[in-house]
Amino acid sequence: MTACTINGAFVAKAVFSSTGGESSAGVAAPARSRAQQIASSCRSSSSSSSSSSSATSCFFHLQGSKILKRSGYYSSGDLPWSAARRKSGTPVCTMASTVVSKQAKGRGNWNKSLSILKEFQSVCSTPAESLWSLVDEMIAEMEAGLAKEGGGKMRMLLTFVDNLPNGNETGIFYALDLGGTNFRVLRVQLGGKEGGVMRKESREAAIPPELMQGTNKELFDYIAKELADFACTSDENFCPRGKRLQLGFTFSFPIHQTSIKSGNLINWTKGFAVPDTVGKDVVKELEAAITRQGLEMRVSALVNDTVGTLARGHFVDEDVMISVILGTGTNACYVEDAAAIPKWHGRSRFMVINTEWGSSWSDNLPRADVDEALDAESINPGDQFFEKLVSGMYLGDILRRVLLKMATEAQLFGDEVPSKLLSPLSLTTPKMCAMHHDETSDLHEVGRILSESIGVDDTSLEVRQLVVEVCEAVAMRAARLAGAGIVGILKKIGRDGSTSGENGSVRSGAPRTVVAVDGGLYEKYPRFQEHLQKVVVEMLGEETAQQVSIELSQDGSGVGAALIAACCPSAPSL
Ligand code: ADP
Ligand code: MG
């Protein structure tokens, strides 16, 4: 039997023919106990060999408790288990290594963990030149999508918003925001240039998980009931009785919109899966549910949260031309010249285009094996690749998957893979963010979150540092991709400085462009925000970047919808 040590750790690793199937941890019990035997044998046979760090580890092919063959040696960075599985050509279960470390508890095969980190960092790296290639690809897809419906991988949906608020709007409007984890109803009073948003009331409710995957009627009845309850709470001044109320409906899922107040759902995203809504006009569904509640209210505008954010931004600053959502999901919209939209035959001067950039618009997005696995196990495999790399719904889970890989292949957290690490909900993006920003000298918060979320106590400082490195790689890739997306839109509308003046200087009088950003990820994740701001300057250059301002614009998906309801012609004010 071969003894193996890696940095003082003894390793026995096994692959065995599957007769009984895998356990939930991917570790079959008979093989695990055999491996433990091997490990203990390795330990005793090399106890005299001190803690040399020069040895390699080896694989044992097992059947039941019998060793079939040793598959050879590997050094750190070598075969992942999945590769061993492919090589065998027969269905095999894989099992975790059994590691006995002489050093810090829960470090396992440290070099292997480091090599997993390095490989992940390398796949996630986003140098400016690769980002520019992505930008060029993105613009080609945008143009194809603008040319005809379904013409490109970017949907480039018409929003029918060809008028944006300019601050003169007045009246009382309702808004309803459905787009992810938060569902809100709002009531706002607009007071024109002088008054701005004079008064605002809102109520928030979570969509019960069973309704996110239930029926169309259940979902809309729930929403309409919340709206009706909220409408009852208004005082006489804020909500005059006897008048039909106007509602701006923010519905942040891909819609095929046919007018400012009608649109059919293309598909659900962000964890929603209500099959009988797909293909239906969500305004009709909502209005029917509102009627069932006996409420006198009509939908004046159907918008996306990006459009709402654009409207909210434009209400206070007319240089807002682009808006981006970085929350549970991600998306962007912008003001496009009507002449650049061949599929739009209307008379307007411009139209707000909803890019739906969360889609899988490029095969060259930097994706690692964990991203492929996340996609394969998601409710929409093959779809929304950009979103799955960038948005808050997924970042924590990418981190979890990298740590799971380290736990399985390199025993980062000890002999057993922590069972909580197998649960997709164990590491959320807010937890990742908290670990990423831990500034204590012993990374105390990282230790606390690992203990609380995945049940691993007493992690060493090195393990905690490694976890922070993974957080950095995941967040940096996400932020840089989002930043590149913004640069892509700037380039599409000629605001990236490429139409420069003499000597390459920014043309005098080049317009200022404001990008309004909303969403919990951008708002509450400072490192993400820094990386995003930085990459835009890196790509555009200091001088052009001075003409571009990326600003947090909150509550666009709420107040913004009310503003569109107020400024679109079919929505006279109260
Ligand atoms: P939604 O996108 O559902 O409308 P938000 O804009 O509030 O809602 O974004 C919520 C998302 O923001 C969460 O799903 C989460 O991914 C992310 N998020 C919330 N809090 C934090 C945080 N402290 N750090 C990082 N991300 C966060
Ligand atoms: Mg939102």
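FYI, it's all coordinate maths here, none of it is from the lab. Being a predicted model, the structure only gives us computed values, none of them experimental. Cβ: placed from backbone, ideal geometry, glycine included. Neighbour counts: every protein chain shown.
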- For GLN465, net neighbour charge (Lys/Arg +1, Asp/Glu -1) across residues whose Cβ lies under 11 Å away: -4
- Query: What percent of all Cα-Cα pairs in region 281-407 falls in each 10 Å bin, counting up from 0?
  - Reply: 11, 27, 29, 23, 8, 1
- Message: Can you compute the charge dipole magnitude of region 182-299 about its Cα centre, using +1 on each Lys and Arg Cβ and -1 on each Asp and Glu Cβ, nothing else charged? Give it in debye, rounded to the nearest 20.
- Response: 380
- Note on the structure: With +1 on the Cβ of every Lys and Arg and -1 on the Cβ of every Asp and Glu, the dipole magnitude of region 120-252 about its Cα centre, in debye rounded to the nearest 20, is 540
- Query: Among HIS444, HIS256, HIS531, what is the fewest-to-most ranking by other Cβ atoms within 10 Å?
  - Reply: HIS444, HIS256, HIS531
- Relative contact order, percent, of region 137-266 when contacts are C-alpha pairs under 8 Å separated by at least 6 residues? 25
- Task: Pairs of Cα atoms under 8 Å, at least six residues apart: use those to get the relative contact order of region 246-315, whole percent.
- Result: 43
- Note on the structure: The answer for the net charge of residues other than THR440 whose Cβ lies under 11 angstrom from its Cβ, with Lys and Arg +1 and Asp and Glu -1, is -2
- Please compute the net charge surrounding GLY556, taking Lys and Arg as +1 and Asp and Glu as -1 over other residues with Cβ under 9 Å from its Cβ. -2
- Query: Using 0.36 nm per residue, how much length does the chain from ALA339 to GLU377 gain when fully extended, once their Cα-Cα distance is taken away?
  - Reply: 9.5 nm
- In what sequence, highest mean first, do 330-341, 135-146 appear when ranked by Cβ atoms within 10 angstrom? 330-341, 135-146
- Task: Past 25 Å, Cα to Cα, is the threshold; run LYS270/LYS420; LYS200/LYS524; LYS217/LYS343 against it and keep the listed order.
- Result: LYS217/LYS343
- Task: Please tell me which of these pairs span more than 19 angstrom C-alpha to C-alpha: LYS118/LYS405; LYS153/LYS492; LYS118/LYS431?
- Result: LYS118/LYS431
- Task: Calculate the length of the line joining the C-alpha centroid of region 531-570 to that of region 285-346, in whole Å.
- Result: 14
- Message: Straight-line reach only, C-alpha to C-alpha below 13 angstrom: list the aspartates and glutamates that LYS534 could link to, leaving out same-chain residues fewer than 8 apart.
- Response: GLU542
- At what distance in nm do the modelled label points of ALA206 and ALA128 sit from each other, each positioned 7 Å from its Cα along Cα→Cβ? 4.4
- Query: Quick one: if you stick a label point 7 Å off each Cα along the C-beta vector at ASN267 and ARG199, how many nm between them?
  - Reply: 4.5
- Message: Rounded to the nearest 20 debye, what is the charge dipole size of region 333-489 about its Cα centre when +1 sits on each Lys and Arg Cβ and -1 on each Asp and Glu Cβ?
- Response: 820
